[in-house]
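K.L.:
Following this message is one structure expressed as structure tokens.
The values are calculated or read from the model by the stated rules, or taken from the named source; none is laboratory data. Quick caveat, the model's predicted, so the values are computed rather than measured. Every residue, glycine as well, gets a Cβ built from its backbone with ideal geometry; the counts of neighbours run over all protein chains shown.
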Amino acid sequence: MNFQGKTVIVTGSTRGIGNTIAEQFASQGANVMLSGTSDSVNTVVENLKNKGFSVAGFAGDLSTPGAAQSLIEKTIEVFGSLDVLVNNAGITCDKLLIRMEEEHWDKVMEINLKSAFLCTKAAARIMMKKRSGSIINISSVVGLMGNVGQANYAASKAGLIGFTKSVAREFAARGITCNAIAPGFIETEMTNSLSAELKDNYLKNIPLGRYGTSSEVAELVLFLASDSARYITGQVINIDGGLYM
Ligand code: NAP
């Protein structure tokens with residue numbers, strides 16, 4: 001896939017899945033705007049620049065007022081355009097419902113769901129003028145299946161799916177596609193923090209018998225952003241080794 005001359009934003013790309021998506025786009029010639037909550041994003045950007053990639057970074061909490069708009073403005077300032085938005089930034093804050101406080105619920109909703117709304121709204125203004133664009137939302141298999149201790153996370157990821165389908169319908173006539181990806185268990189810092197017992201339980205239920213990799217998720221994102229996927233919109237693509245079927 002060739003993304004030469006295309007500009008891509010990947011939210012939450014200092015590490016994990018987002019970082020791999022950003023690097024794969026950059027290695028296919030895209031200009032990539034990375035994002036993270038702190039200035040440590042600059043170190044990640046420097047490392048990619050040293051590999052010869054066209055990248056820049058934005059530091060900010062994307063659930064806070066004005067941050068999403070600033071991210072889009074900085075992208076236009078640096079690269080002059082915007083073709084692909086990947087809403088990947090996300091957190092978990094797992095608690096059994098009975099112990100879940102409002103702040104645990106609100107934080108997860110704000111970062112996983114509201115930040116996607118804010119970034120999409122700001123990006124769509126640019127894409128509508130160009131009459132083209134791809135928006136890819138990183139949901140989760142948990143948004144389809146639910147999970148013990150993840151009522152907040154599951155609700156945010158299920159919300160992203162409804163959001164994806166609505167955005168796909170609203171912007172189809174403008175040539176903008178919007179799809180969601182629902183990864184299963186992918187090896188990253190987020191999943192490394194789970195207990196060994198929980199990880200073993202997941203593994204037993206994955207027909208392909210292994211966890212997924214960030215690269216496998218990134219390859220799917222690049223496909224959905226490519227010209228080969230222009231007739232795909234409003235879909236949720238599962239990438240989970242068969243965990244949910
Ligand atoms: P991760 O390793 O924990 O990385 C999360 C990224 O999001 C980091 O770059 C982090 O930046 C950024 N971020 C967090 N809060 C943010 C905020 N308020 N504003 C901007 N950026 C923020 O996560 P991951 O495992 O790669 O997961 C990436 C996405 O895939 C998430 O949406 C997750 O829900 C989804 N997912 C993951 C799995 C899995 O198995 N790993 C499965 C299904 C879905 P900082 O470095 O600054 O904190």
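K.L.:
When Ala158 is evaluated against the numbered criteria (1) touching an Asp or Glu at 6+ places or on another chain (Cβ under 9 Å); (2) of a type in the set (A, V, I, L, M); (3) assigned to a helix (DSSP H, G or I), which criterion, by number, is the only one it fails?
P.N.:
(1)
K.L.:
Would you mention how many residues in the range 93-124 are more than 15 Å from the ligand (Cβ to nearest atom), part of a helix (DSSP H, G or I) and over 16 Å from Ala67 (Cβ atoms)?
P.N.:
The total comes to 6.
K.L.:
Sticking with this one: Report the residue count in the range 25-62 for those that are touching an Asp or Glu at 6+ places or on another chain (Cβ under 7 Å) and either closer than 14 Å to Ile9 by Cα or at pLDDT below 95 (or both).
P.N.:
1
K.L.:
Restricting attention to the range 142-155, report how many residues are among the polar types (S, T, N, Q) and in a helix (DSSP H, G or I).
P.N.:
Going through the range 142-155 one residue at a time, the tally reaches 1.
K.L.:
Report every pair of residues separated by at least 6 positions or lying on different chains whose Cβ atoms are under 8 Å apart, first residue within the range 168-180 and over 15 Å from Asp83 (Cα atoms), second of a type in the set (A, V, I, L, M, F, W, C) and surrounded by 13 or more Cβ atoms within 10 Å (Cβ to Cβ).
P.N.:
Ala168/Cys178; Ala180/Ile136; Ala180/Ile138; Ala180/Leu160; Ala180/Ile161; Ala180/Val236; Ala180/Ile237
K.L.:
Taking helices (runs of 4 or more DSSP H) that do not extend beyond the range 1-92, which have at least 3 residues that are within 13 Å of the ligand (Cβ to nearest atom) and crowded, with 24+ Cβ neighbours inside 10 Å?
P.N.:
16-27
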